[in-house]
Structure formats: C-alpha cells, structure tokens
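The values are calculated or read from the model by the stated rules, or taken from the named source; none is laboratory data. Bear in mind that the values here come from a model prediction, so they are computed numbers and not experimental data. Here Cβ is always computed from backbone atoms with ideal geometry, including for glycine, and neighbour counts include all displayed protein chains. Keep in mind that these areas ignore ligands, DNA and RNA; they rest on the heavy atoms of the full protein, side chains included. Shrake-Rupley method; radii C 1.70, N 1.55, O 1.52, S 1.80 Å.
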Amino acid sequence: TSFSPFCSPRLSSSGRGTDQDKQPFGPYYDTAKYEYRDYSHAGGADDGFVVHFNYSLPESEKKLRELKADRWVDMSTAWTRLDFTTYNPSAQMFAQVEFEVYVEPSGRLRPSVTVSTLRSEVYMNSVRDYVQIVLELLVMVGILMYIVGDLKDALVNRSTGSWAEYLGKFWNVIDLIQIVLFVVDFIMWMVIITDPVRRKIKVELGPEGA
C-alpha cells in the first residue's frame, strides 16, 4: 500500500549534499519563483531555497502567508532552517540563532537549535574586563620569561654541543612546542581584538524601535 505517489530519497548525513533537488519551483503561475542559491563565504556555505524577512512584522506576516499559499514547504522538503540575530544592549552582546527542523523519510521531525554569541566589544568598561586585562598581561609576562629562560638554556647547550643534540631531548621539544603554541595563540587573540568587522557593526532597529 502506498500512502503517497511521491518518494524522496534520504539526504546525506549532514542533511545537505549533491543529492538535493536544486530545480526551481513555485506556484502554477510562476513555476520558477523560488531558485536554489549558493551563499558561500569564508566560514562555509549556506545553500538552499532562501527567503529573507525584514524587521517589519506586517510584511513578515504577509511573506509567511505567501509562502504557505505557494506551498514552499511540501512533501519533498527534507529540512528547513530559520536564522535570526538578536542584540542585547545591556550586555552589548549579539546572539545568532539557528533553528532547524529535519524531516526524516518516515515523517518524524528532528528539531535542533544552535545559538552563537558575540560581544560587540572585546573589552568593555566593567570590573570583569579590567581584571581580565590584568590577568592577560601577567600571563604574557610569564610567557616572555619562559621564552627567555628556554632561550638561555638553548644557547648554553649550543655552546657545549649541537642543535641536533639539544632538540634530541624530549622535554626540550615539548618546551619548543609550547612556545610555538603560545605565539600562535597570541597572534589569534590579536586578530580577534583588531578585527575591523567588529568595529563596523551597526545595529538597525525597526520602525517601532523593536
């Protein structure tokens, strides 16, 4: 017994892949109204049939009614995702929310929610941030003393032997790896602090200040 004349295959384990149907679709009066789009960026790619909503509640409700009338979600839909960003001015923090519902071939709905937060400023005028700055400076001083000490040990060992002999010792290699990781971590933190994108963030409120 067949409950539906149509059958869609299971997608890849990630819910996306080459087995997706990328053909345009739409209502009878515009069968190519919704097109598959590729939103590739540095952090990855968000592909699919994307619909944008603005901050106007009446327009968003109108768009939802339009999607429902056009059967944007139908029997072939394998997953849907709702993305939106909120901002808390008191905490000066952004929150990126991804609410996704994956439809199993059996009809079971598997929802998932992912929330990513971002502070609008790395260091803000608070006691916690001042304490953080002091502790980070102490850590940097300790790391510099650690590097200077290892450098002195390396020069002493070099005067009595060779670099190969010095690097042949297990703990010397561990110290060198630690120093490299400290430097990489420092560079990454400087990149985060000086990120120009963070300074260009603008918050645009809706017409009602919502």
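General remarks:
- The simple spin-label model puts a point 7 Å past each Cα toward its Cβ; for Ala95 and Glu66 those points are separated by 2.9 nm.
- Straightening the chain between Ile133 and Ile177 buys 13.3 nm, computed as 0.36 nm per residue apart minus the Cα-Cα spacing.
- If R0 is 41 Å, the Cβ-Cβ spacing of Gln23 and Ile192 corresponds to a FRET efficiency of close to 0.50.
- Rounded percent of accessible protein surface that carbon and sulfur make up, the range 65-127, 1.4 Å probe: 55 percent
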